[in-house]
Amino acid sequence: MTTRHPLLLDLAGRRVVVVGGGPVAARRTRGVLADGADVHVVAPALCEDLADLAAAGAVTWHAREYAPGDLADAWLVHTATGERRTDDAVAAEAEAARTWCVRADDAAASTAWTPAVARAGDVTVAVGAGGDPRRAVALRSALQVQLDTGALPLRRRRPGAGHVTLVGGGPGDPGLITTRGRRALAEADVVVVDRLAPRALLDELEPDVEVVEAGKAPHAHTLTQSEINVLLVERARAGQRVVRLKGGDPFVLGRGGEELAACRAAGVAVEVVPGVTSAIAVPGAADIPVTHRDVARQVTIVSAHDADTDWQTLARLRGTLVLLMGVGRLAEHMSRLASHGLDPATPVAVVEDGTLPTQRTTLGTLADIAARAQEVGVRNPAVVVVGAVASLAAALQGEGDTTAVVAARSAGQAAAPGAARVTSRS
């Protein structure tokens, strides 16, 4: 094939004519619709996908065979009738009108071609492969993965509008951030990072990306929440792409709602990239399902360092109780739950450094977990799991029988917990 000239077209509001009503025409129609085109479909009958689009008013359907004059005022034409004579006639009219025409039946006879396209935010990569569409699709798919995971250089080089992205980094292991979160980091000019965020990801940033520490250790805040809110707004107004990188999920005890509200109130563009919350993922990494059939059907997540925690209500709840930020006052919390009626034999698990190579699980009961934790030197960050599911860890690791836990739960008893346990991860 001769050299082709690649070009991106602005089809928004412009007339595009698709001749044909089959699946190929439907794929071409969806493509130009996504780009905002005013699409007219000429075909005596439509496949189901096109019929749905026509019924919804997304396209204008001319329910008849193609006729000369159907391409009037068109900026772009796709023909995919499956009939050579009709496609030839469409292409000839388009050529006479100096309108670009994409033929589904004969790429060599086309005057325009649709590349395989990979997109990530405002980045578009079009792939042509010498008339070999399968090769183009394979290349596109590989590029899409690289774009989605932030492996390609996505940072904007020209000035533009600022933006804030609240990214949940997951429970600790950098591999547990979402691909969309990685892409946001690859696009960032400034990263405002928490202490428990997956900090290994910072090593992947370009050297001139600014990293602002906003970590919050107990009773030691690098920045107050108000200062963080102001920082996000100021940097976005200065035209920078700002990522607020948090551990877990921004909206699970992460104050993401406050930051979202601050940005919206200031008129700053902001989006939220959810993350894997440690309240669910850390127990899971320790083989503790927070729900399990016939054992626990509900989960309650509590910020255990709040002074106004209603321990009386928590002690009466059924299911699993997950305490975040509760290690420092573990003995006090367990005592309060017991004093309000929770069985002292209730299994408890404390999982430190969840999902990281240093992960460790300490098992006990409401009555003795604080002593066991002190004995082995449990420290933050850790997640405390209270409930019958804590007894499942040993069984699910092949050291017991889950039916015993289920039977004990059904009888209203607490299954015997294991001893302190160390789990190494690699």
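The values are calculated or read from the model by the stated rules, or taken from the named source; none is laboratory data. Keep in mind that what you see is a predicted model, and the values were worked out from it rather than measured. Here Cβ is always computed from backbone atoms with ideal geometry, including for glycine, and neighbour counts include all displayed protein chains.
Selection within region 362-375: residues that are of a type in the set (A, V, I, L, M, F, W, C) and closer than 22 Å to residue 172 by Cα. The member of this set that is nearest to the chain's Cα centre (by Cα) is 363.
Scanning region 315-331 for residues that are at pLDDT below 95 and of a type in the set (Val, Ile, Thr) returns a single hit, 327.
Every residue, every condition in (1) among the charged types (D, E, K, R); (2) closer than 12 Å to residue 283 by Cα, yes or no:
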position	(1), (2)
303	no, no
310	yes, no
314	no, no
318	yes, no
330	no, no
337	no, no
346	no, no
352	yes, yes
358	no, no
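Does residue 89 fit the bill of being at pLDDT 95 or above, of a type outside the set (Val, Ile, Thr), surrounded by 15 or more Cβ atoms within 10 Å (Cβ to Cβ) and not in a strand (DSSP E or B)? Yes, satisfied. Among helices (runs of 4 or more DSSP H) entirely within region 260-361, having at least 1 residues that are over 23 Å from the mean Cα position of the chain (by Cα) and crowded, with 18+ Cβ neighbours inside 10 Å singles out 311-316, 330-339.
Of the candidates 50, 46, the single residue that is of a type outside the set (Phe, Trp, Tyr) and in a helix (DSSP H, G or I) is 50. Residues in region 100-113 that are buried (at least 19 other Cβ atoms within 10 Å of the Cβ) and of a type in the set (Val, Ile, Thr): 102 only. For region 8-25, residues that are surrounded by fewer than 23 Cβ atoms within 10 Å (Cβ to Cβ) and not in a loop (DSSP other than H, G, I, E, B) total 3. Being in contact with a Ser or Thr (Cβ under 6 Å, 6 or more places away or on another chain), at positive phi and crowded, with 18+ Cβ neighbours inside 10 Å is a property that residue 248 has. Looking across region 142-153, the residues that are touching a helix residue (DSSP H, G or I) at 6+ places or on another chain (Cβ under 9 Å) and crowded, with 17+ Cβ neighbours inside 10 Å come down to 147, 148, 149, 150. Of all residue pairs spaced 6 or more apart or on separate chains, those with beta-carbon atoms under 8 Å, a first member in region 127-149 that is small (Gly, Ala, Ser) and a second member that is assigned to a helix (DSSP H, G or I) are 128/136; 129/135; 129/136; 129/139; 131/107; 131/108. If the condition is being polar (S, T, N, Q) and either in contact with a Leu (Cβ under 8 Å, 6 or more places away or on another chain) or in a helix (DSSP H, G or I) (or both), then region 165-188 contributes only 179. Filtering region 118-141 for residues that are in a loop (DSSP other than H, G, I, E, B), in contact with a strand residue (DSSP E or B) (Cβ under 7 Å, 6 or more places away or on another chain) and surrounded by 15 or more Cβ atoms within 10 Å (Cβ to Cβ) leaves an empty set.
Screening 120, 129 for residues that are modelled with pLDDT under 90, under 30 Å from residue 16 (Cα atoms) and within 19 Å of the chain's Cα centre (by Cα) leaves exactly one candidate, 120.
Reported count of residues in region 362-382, each being in a strand (DSSP E or B) and not aliphatic (A, V, I, L, M), is 3. Selection of first residues in region 78-104 that are outside the structural domain of residue 40 (by TED's automatic domain parsing) and of second residues that are assigned to a strand (DSSP E or B), restricted to Cβ pairs under 9 Å at least 6 apart or on distinct chains, gives an empty result. Restricting attention to region 53-74, the residues being under 37 Å from the mean Cα position of the chain (by Cα) and either among the aliphatic types (A, V, I, L, M) or part of a loop (DSSP other than H, G, I, E, B) (or both) number 7. The numbered conditions (1) under 18 Å from the mean Cα position of the chain (by Cα); (2) without any contact (Cβ under 8 Å) to a residue 60 or more places away in the chain are all true for residue 192 except (1).
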